[in-house]
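Peer 1: Supplied in structure tokens, the structure appears directly below.
The values are calculated or read from the model by the stated rules, or taken from the named source; none is laboratory data. Since the structure is predicted, the reported quantities are computational estimates derived from the model, not experimental observations. No Cβ is skipped: glycine too gets one built from the backbone with ideal geometry, and neighbour counts run over all protein chains shown.
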Amino acid sequence: MNELETVVARHYGDTGLLSRIFAGLEASGADLSRLHPADLSAVEEFHIGGRKATAHAVEKLALREGQHVLDVGCGIGGAARYIADQSG
């Protein structure tokens with residue numbers, strides 16, 4: 001495993017990750033009982049370009065309600081949640 005793979009595996013494999021995400025959301029004023037994809041973008045769009053890159057890709061796909069998307073290697077699912085929110 002190279003250094004980048006090790007860092008990513010350590011990040012997502014950390015048992016305290018969910019607690020840290022919830023703590024950060026609470027600190028930002030988010031309502032944990034009514035989260036929206038935008039509330040999570042800082043922690044789940046963990047790729048080059050972040051949410052802006054995801055939005056660009058989704059726009060180019062021209063998805064319609066009822067279509068399916070497979071997001072492979074999605075971390076905690078940020079891009080998939082964004083796609084579902086934007087296209088139904």
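Peer 1: Give just the number: which of (1) under 10 Å from the mean Cα position of the chain (by Cα); (2) not in a helix (DSSP H, G or I) does Arg64 not satisfy?
Peer 2: (1)
Peer 1: Taking the conditions exactly as written (part of a loop (DSSP other than H, G, I, E, B), loosely packed, with under 11 Cβ neighbours inside 10 Å and modelled with pLDDT of 80 or more), does Asp71 satisfy them or not?
Peer 2: Working: part of a loop (DSSP other than H, G, I, E, B): yes; loosely packed, with under 11 Cβ neighbours inside 10 Å: no; modelled with pLDDT of 80 or more: yes.
When the stated conditions are applied, Asp71 does not pass them.
Peer 1: Looking only at residues that are at pLDDT below 75 and outside any helix (DSSP H, G or I) in the range 31-51, which one is nearest to Tyr12 (Cα to Cα)?
Peer 2: Phe46
Peer 1: Name the residue, out of Ile21, Ile76, that is closer than 27 Å to Glu5 by Cβ, in contact (Cβ under 8 Å) with a residue 60 or more places away in the chain and out of contact with any Gly (no Cβ under 8 Å at 6 or more places or on another chain).
Peer 2: Only one candidate passes the filter, namely Ile76.
Peer 1: Can we say Thr15 is in a helix (DSSP H, G or I) and exposed (fewer than 11 other Cβ atoms within 10 Å of the Cβ)?
Peer 2: no
Peer 1: Against the conditions (1) more than 14 Å from the chain's Cα centre (by Cα); (2) closer than 27 Å to Gln86 by Cβ, where does Thr6 fall short? Just the number, please.
Peer 2: (2) is the only condition that Thr6 fails.
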